[in-house]
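Q: I have a structure here, written as structure tokens, and I will follow up with some questions on it.
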Amino acid sequence: MSTTNNEEGCCFETQAIRTQTERTQYNEHSTPLYLTSSFVFDDAENMRAVFAEEIEQYSYSRFTNPNQTELVDKICLFEQAEAGYAFATGMAAVYCSLFPLLKAGDHIVSCSNIFGSTRGLFSSMFPEWGVDTSYFDLNQVYDVESLIKPNTKILFAESPTNPGVDVLDLAYLGEIAEKHNLIFIVDNTFATPYLQNPITLGAHVVIHSATKLIDGQGRVCGGVTVGYKEHVQKIYLFARTIGSSISPFNAWVLSKSLETLAVRVDRHCENALTIAEYLEQHPAVEFIKYPFLPSHPQYEIAKKQMKQGGNIIAFGIRGGLDAGRAFLNALQLCSRSANLGDSRTIVTHPASTTHSKVPAEEKIATGITDNLIRLSVGLENTKDIIRDLEQALTVAQQ
């Protein structure tokens, strides 16, 4: 159940390519796809020992599979984590990373600006099971300690946030978690393990929606959670019981995608910075946030904890909701989609899509205005992206 890494100590790009499952008797160069629901045992004693967890061996793909192992081992290597598990989707990873670490009566402290489905989990589902959440404002992050109670169990954060592209001081939050003996969980989807490593900043558990930049081409869904063994073991036992594991095919696709993650993200970031600089000067743009723009409120923090600024830009169009709709309708090249991290540039209107179920007062409190646009910058030539944005912005202002 191990993977090989003949390039230990090498750079990210080399490890992403050279870390793979042990070769079979066929001596293949590329990891094969293990399309099997189950595995056989040598004898009755071998089968007993495996299910008693006395020895480590593949038994059932709902638990683990060689393709899943390779994917997880790579993310663990990148994130400097002790263990991990892969899930069918990013939200399966979020749910399964939280639920087994909580019990009725526990309390979560979370940043207010988080993905809409995660917010729904905290606000609508967990209270029914006796778990409450308090939210801290991104502009008052240094007051987070005031929200911690005797029953607080988890400190949760996204950075950069979805969809506002805010940046949190993860090292500071890691210190708070350590001081109060909290489990610090970070959703690292926007940054990927190439741009940011929260465990080195104090996180205990790190979550990725692999559907996004890790896949990078809008093909498959998946999620990965990595972290300390003591937490991941609970997550693994829960996940394998409820059947939320990733399929062998999706794990194989995502592991192959990791081989090109660095080169893709480098270009995504280069393109995004060019687009952000263009939008910042456009008269139709009311505001813009991109982590590596000096005008970003948390620019210095982003420069400290991220390698580059990522591929997501948040901006607002002058003219409110009607102008935002006109802008989306006028796009000719960029895709209107709820996904992000694709090779193709994607434009999303969070207020009416990904965060449509968030109550109006919560949207206002977290900066999700009617004119907010989330732009996932792709790998097209920036001249073509800008040409499309320019004509759509012109239409929106008419």
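The values are calculated or read from the model by the stated rules, or taken from the named source; none is laboratory data. It should be emphasised that the depicted structure is a prediction, and the values quoted were computed from it without experimental measurement. Virtual Cβ from ideal backbone geometry, glycine too; neighbours counted across all protein chains shown. Note: areas computed on protein heavy atoms with side chains; ligands, DNA, RNA excluded. Shrake-Rupley method; radii C 1.70, N 1.55, O 1.52, S 1.80 Å.
Q: So which residues in the range 1-27 are surrounded by fewer than 15 Cβ atoms within 10 Å (Cβ to Cβ) and in contact with a Phe, Trp or Tyr (Cβ under 8 Å, 6 or more places away or on another chain)?
A: 1 - this is the single residue of the range 1-27 that is surrounded by fewer than 15 Cβ atoms within 10 Å (Cβ to Cβ) and in contact with a Phe, Trp or Tyr (Cβ under 8 Å, 6 or more places away or on another chain).
Q: Identify the residue in the range 290-315 that is crowded, with 20+ Cβ neighbours inside 10 Å and of a type in the set (Gly, Ala, Ser) and, among all such residues, is nearest to residue 261 (Cα to Cα).
A: 310
Q: On to the next question. Give me a count of the residues in the range 363-391 that are in a helix (DSSP H, G or I), in contact with a helix residue (DSSP H, G or I) (Cβ under 7 Å, 6 or more places away or on another chain) and surrounded by fewer than 22 Cβ atoms within 10 Å (Cβ to Cβ).
A: So the count comes out to 4.
Q: Go through the range 28-58 and count every residue that is surrounded by fewer than 16 Cβ atoms within 10 Å (Cβ to Cβ) and among the hydroxyl-bearing types (Ser, Thr, Tyr).
A: Residues meeting the conditions: 4.
Q: Between a residue in the range 277-289 that is in the same structural domain as residue 385 (by the TED database) and any residue that is open to solvent by 60 Å² or more (accessible area, probe 1.4 Å), which pairs come within a Cβ distance under 6 Å, given they are 6 or more apart or on different chains?
A: Qualifying pairs under 6 Å: 284/318; 284/397; 286/318; 288/280.
Q: Taking the stated definitions as given, is residue 69 part of a helix (DSSP H, G or I), open to solvent by less than 50 Å² (accessible area, probe 1.4 Å), among the β-branched types (Val, Ile, Thr) and touching an Asp or Glu at 6+ places or on another chain (Cβ under 9 Å)?
A: Taking the combined requirement at face value, the residue does not satisfy it.
Q: (1) open to solvent by less than 60 Å² (accessible area, probe 1.4 Å); (2) in a loop (DSSP other than H, G, I, E, B); (3) not hydroxyl-bearing (Ser, Thr, Tyr): which one isn't true of residue 119, the others all being true?
A: The one condition residue 119 does not meet is (2).
Q: How about the range 140-155: which of its residues are more than 14 Å from residue 101 (Cα to Cα) and either in contact (Cβ under 8 Å) with a residue 40 or more places away in the chain or surrounded by 14 or more Cβ atoms within 10 Å (Cβ to Cβ) (or both)? Outline the logic, then answer.
A: Quick first cut of the range 140-155, residues more than 14 Å from residue 101 (Cα to Cα) only: 140-150.
Hits for the range 140-155 are 141, 144, 147, 148, 149.
Q: Going by what's in this entry, would residue 71 be described as touching a Gly at 6+ places or on another chain (Cβ under 9 Å) and closer than 30 Å to residue 117 by Cβ?
A: yes
Q: Of all residues in the range 12-56, which are assigned to a helix (DSSP H, G or I) and under 13 Å from residue 259 (Cβ atoms)? Show your work before the answer.
A: Kept after step one, since they are assigned to a helix (DSSP H, G or I), are these residues of the range 12-56: 12-18, 44-51.
12, 13, 14, 15, 16, 17, 18 - these are the residues of the range 12-56 that are assigned to a helix (DSSP H, G or I) and under 13 Å from residue 259 (Cβ atoms).
Residues checked against (1) of a type in the set (Gly, Ala, Ser); (2) assigned by the TED database to the domain that holds residue 68; (3) surrounded by fewer than 24 Cβ atoms within 10 Å (Cβ to Cβ):
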site	(1), (2), (3)
162	no, yes, no
171	yes, yes, yes
181	no, yes, yes
187	no, yes, no
193	no, yes, no
201	no, yes, yes
205	no, yes, no
211	no, yes, no
217	no, yes, yes
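Q: Take the conditions outside any helix (DSSP H, G or I) and either out of contact with any helix residue (DSSP H, G or I) (no Cβ under 8 Å at 6 or more places or on another chain) or under 22 Å from residue 261 (Cα atoms) (or both) and apply them to residue 347. Does it pass?
A: The answer is yes for residue 347.
Q: Can I ask one more? Looking at this structure, is residue 346 open to solvent by 10 Å² or more (accessible area, probe 1.4 Å) and assigned by the TED database to the domain that holds residue 268?
A: In short, no.
Q: Going through the range 219-252 one residue at a time, which ones are among the hydrophobic types (A, V, I, L, M, F, W, C) and open to solvent by 70 Å² or more (accessible area, probe 1.4 Å)?
A: 242, 249, 252 - these are the residues of the range 219-252 that are among the hydrophobic types (A, V, I, L, M, F, W, C) and open to solvent by 70 Å² or more (accessible area, probe 1.4 Å).
Q: For the list (1) under 18 Å from residue 241 (Cα atoms); (2) in contact with a Lys or Arg (Cβ under 8 Å, 6 or more places away or on another chain); (3) buried (at least 20 other Cβ atoms within 10 Å of the Cβ), I need the number of the one condition that residue 108 fails.
A: Of (1) under 18 Å from residue 241 (Cα atoms); (2) in contact with a Lys or Arg (Cβ under 8 Å, 6 or more places away or on another chain); (3) buried (at least 20 other Cβ atoms within 10 Å of the Cβ), only one is false for residue 108: (1).
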